[in-house]
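S.K.: Pasting in a structure now, in structure tokens, and then I'll have a few things to ask.
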Amino acid sequence: MPRFVQSLRLESAARTAALDALVTDEDALVRCRTLLALPVAERDVLCFDPDPSVARLATSMLAGGRPTNVVDSARERQLTLLRRSPHATVRRLAREASAQSSILHAPGMLAARRLLRVDRDGLMATMRSLLAGEKTQLAALPVVERLGIVDEVFDQVVVLAQGTRTSSAQTTDHVAARAVSVLSTSRQSRARVVITSCLDHPDPRVRANAVDALARLDRRGLPDAVESMVDDDHHRIRANVIRASLASRGELKRIYEPAAVDALRAMLRDERAAHRLSGVWLAQRVLAGEGRARVGQAWGALASTITAIANEDTDVGVRQRARRCAKRLHQEVRHAWSKEVAS
């Protein structure tokens, strides 16, 4: 009967009405065939069919979509109800589908880690699908990094990092910037080559992330190509180069290079507000914590500069960020004093 209805040249509404009448047919086989003929949006009702074979087929169809970065609340509600189905197979399918429904969100990460253990090939197929989708690429990249699987999807991440310069990849500079960062977790020697090539990317976010990525790959020193960007016209790139230079001598007792300290000081005094803003952002990260001991005598002068900016800068945004930075630095000074007094 469902096939007969489909063979008729009925309008959509009439065809759906005719099939709806078959949803409650006494014969389970008829209901199964009706399920296959129904529009996707109309199939959910048969997930609750009293016959386990019909309910299992309908639930499989509901659960069959691959994980995405979009949470379908209606689908999630349906899966929640199906986890209490009288049919064990339906309950299992619903639990698995719900867990895997969005591995790009925090709850789904648990499912992703489980899949990494029990179905690695399936997870890789899912991640490749997500990395290929324009709407899911950006959210998929951090998942790749957290799961530590960049080398298993390496070629796709490389395409995304260089996507704006290839005719086949449809990507954005934001995706490219994130992909460059993810490549820094790769163990492949080719990763360094790809990241270095991104130092001349047309988008400043990509170049800035390439600087950070190269710094993470090698803490002992920076490539000349990076150090030469210390006076870059873009504030984010300039700040990242200085930050990388300040932390690139980790084996030495005093890790900060005098030239990098001077570059930070110059950035804090720059006439461009965006550069001062990035300079304050950088100061908060390199002067706090162990920075106070490592910078030595330069710390006091830099902290005083931050305080002056917090009180006197002509840009509201710069002043606000400087106040937050100064507050943290002052808290560290008080904490250090209290420790000395206690000892």
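The values are calculated or read from the model by the stated rules, or taken from the named source; none is laboratory data. Only a predicted model underlies this, so the values are computations on that prediction, with no experimental measurement involved. So basically every Cβ, Gly included, is an ideal-geometry build from the backbone, and we count neighbours across all protein chains shown.
S.K.: Considering only residues of region 66-105 that are modelled with pLDDT of 65 or more, β-branched (V, I, T) and surrounded by 14 or more Cβ atoms within 10 Å (Cβ to Cβ), which is farthest from V45 (Cα to Cα)?
M.R.: Step by step, filter region 66-105, then rank; the result is I103.
S.K.: With respect to A225, determine if the residue is assigned to a helix (DSSP H, G or I), over 21 Å from V261 (Cβ atoms) and either within 24 Å of the chain's Cα centre (by Cα) or acidic (D, E) (or both).
M.R.: Working: assigned to a helix (DSSP H, G or I): yes; over 21 Å from V261 (Cβ atoms): yes; either within 24 Å of the chain's Cα centre (by Cα) or acidic (D, E) (or both): no.
Answer is no for this residue.
S.K.: Hey, among the residues in region 37-65 that are out of contact with any Leu (no Cβ under 8 Å at 6 or more places or on another chain) and modelled with pLDDT under 80, which one's nearest to H87 (Cα to Cα)?
M.R.: Among those that are out of contact with any Leu (no Cβ under 8 Å at 6 or more places or on another chain) and modelled with pLDDT under 80, it is V45.
S.K.: Return only the number of the condition from (1) over 32 Å from the mean Cα position of the chain (by Cα); (2) buried (at least 17 other Cβ atoms within 10 Å of the Cβ) that G300 does not satisfy.
M.R.: Against the list (1) over 32 Å from the mean Cα position of the chain (by Cα); (2) buried (at least 17 other Cβ atoms within 10 Å of the Cβ), G300 comes up short only on (2).
S.K.: Please indicate, with yes or no, whether at least one residue in region 218-241 is closer than 19 Å to D155 by Cβ and crowded, with 23+ Cβ neighbours inside 10 Å.
M.R.: Within region 218-241, the subset closer than 19 Å to D155 by Cβ is none.
Scanning region 218-241 turns up no residue that is closer than 19 Å to D155 by Cβ and crowded, with 23+ Cβ neighbours inside 10 Å.
S.K.: Considering only region 172-219, state which residues are over 20 Å from H235 (Cβ atoms), of a type in the set (D, E, K, R) and part of a helix (DSSP H, G or I).
M.R.: R190, R192, R216, listed by residue number.
S.K.: Could I ask something else about it? Select from region 134-144 the residues that are out of contact with any Lys or Arg (no Cβ under 9 Å at 6 or more places or on another chain) and surrounded by fewer than 18 Cβ atoms within 10 Å (Cβ to Cβ) and list them in ascending order.
M.R.: Of region 134-144, the ones out of contact with any Lys or Arg (no Cβ under 9 Å at 6 or more places or on another chain) are 134-136, 139-140, 143-144.
E134, K135, listed by residue number.
S.K.: Out of everything in region 145-190 that is farther than 17 Å from R207 by Cβ, crowded, with 19+ Cβ neighbours inside 10 Å and among the small types (G, A, S), what residue ends up being modelled with the lowest pLDDT?
M.R.: The selected residue is A169.
S.K.: Considering only residues that are free of Cβ contacts under 8 Å to residues at least 40 places away in the same chain and part of a helix (DSSP H, G or I), which ones fall in region 228-238? Lay out the reasoning, then the answer.
M.R.: Initial filter on region 228-238 (free of Cβ contacts under 8 Å to residues at least 40 places away in the same chain): 228-234, 237.
Passing the criteria: only I237.
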